[in-house]
Amino acid sequence: MSAVAGRFDELQKLGVEVLSVSTDSTFVHKIWEEEELSKMTKDGIPWPMVADGAGNLGKVYGVYDEGNGVNIRGRFLIDPDGVVQAMEVMTPPVGRKIEETIRQVHAFQHVRKTKGAEACPAGWEPGKKTLKPGPDLVGKVWKKWQPE
Amino acid sequence: MPDEPVGCARPTGKVVGEIAENEDRLESDPGVGGKSMIMVRVGGKAPDFEAPAYHKGKFINVKLSDYSGKWVLLCFYPGDFTFV
């Protein structure tokens, strides 16, 4: 979470709001933020830290581990229409990489801006070439784009 | 996001909208097993929810649908005070 906090300003500039969710209570969130996270980040945790004690949210998002009573690591990117555009679910011992999330935000925002007329190929980053799907591109992607 | 009165209970989040209604129906139907209905897939609507939250020194209530019109990064993680 502290890694996301470090890039919060950048996410805000991209118009992205953040919500974090665990099965801990709001009281535990408060003390964790005050005692630890605030010492790992510039301004503490700037977004709402949501309490999902019963795992109700985790269950519908497919990340609730009933045996252990916790939500596993799951990241969902939701667009302005409330549609889930991307998700990444991982077991606890490995953390996420915020740079990849930010890359996906750029890519999905680009696709949205073009109303789906352009697509972002593998490894796409802002400034790199996009593809324009259509009859002329069928079987001809190799002319326009090659893997790095 | 108004301040919530702080009681001694340990409030939790709940799903709202159509999915919540579906879930109630399923739970009352013994023919359908498993309460943990996964309702999320890419390209589909994010299930709406309402839940208590801690935000910058205050206890508030958040509702996902209040963020309509904005991009939202929703991050689940195993627990506070864990190590990764």
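The values are calculated or read from the model by the stated rules, or taken from the named source; none is laboratory data. All values reported here derive from a predicted model rather than from experimental measurement. Every residue, glycine as well, gets a Cβ built from its backbone with ideal geometry; the counts of neighbours run over all protein chains shown. For the accessible areas, the whole protein counts, side chains as well, though only heavy atoms, and no ligand, DNA or RNA atoms are used. Shrake-Rupley method; radii C 1.70, N 1.55, O 1.52, S 1.80 Å.
Ranking of A:V18, B:V42 by solvent-accessible surface, largest first: B:V42, A:V18 (1.4 Å probe, protein heavy atoms only, all chains present). Charged neighbours of A:R96, selected by a Cβ distance under 15 Å, balance to +2 (K, R count +1; D, E count -1).
Using Cβ point charges alone (K and R +1, D and E -1), the dipole size of chain A about the Cα centre works out to roughly 960 debye.
Would you mind working out the magnitude of the charge dipole of the range A:101-144 relative to its Cα centre, with +1 at each Lys and Arg C-beta and -1 at each Asp and Glu C-beta, to the nearest 20 Debye?
80
Would you calculate a helix-derived [θ] at 222 nm for the protein assembly as shown, using -39,500 (n - 2.57) for each DSSP H run of n ≥ 4 and dividing by the full residue count, to the nearest 500? Counting only the DSSP helices, I get -6500 deg cm²/dmol.
Karplus-based coupling profile of the range A:73-78, in residue order and whole Hz: 5, x, 10, 10, 9, 10, with θ = phi - 60° in 6.51 cos²θ - 1.76 cosθ + 1.60 and x standing for Gly or Pro. When only Cα pairs below 8 angstrom with a gap of at least 6 residues are kept, chain A shows a relative contact order of 15 percent.
Residues whose amide H lies under 5 Å from that of A:V70, counting only those 5 or more places away or on a different chain, are A:D65; hydrogens are built 1.01 Å from N in the peptide plane. By a 1.4 Å probe calculation restricted to protein chains, A:R112 has an accessible surface near 90 Å², given to the nearest 10. Listed values for the range A:22-28 are Karplus-derived 3J(HN,Hα) couplings in whole Hz (6.51 cos²θ - 1.76 cosθ + 1.60, θ = phi - 60°), namely 9, 7, 6, 6, 5, 5, 5, and x replaces Gly and Pro. Note on A:K59: lysines with a C-alpha under 22 Å away, same-chain residues under 8 apart excluded, are B:K14, B:K35, B:K45, B:K63. A simple rule links phi to the HN-Hα coupling: the Karplus curve 6.51 cos²θ - 1.76 cosθ + 1.60 with θ = phi - 60°, which for the range A:35-49 gives 7, 10, 4, 5, 8, 10, 9, 5, 10, x, 8, x, 10, x, 9 Hz, with x for Gly and Pro.
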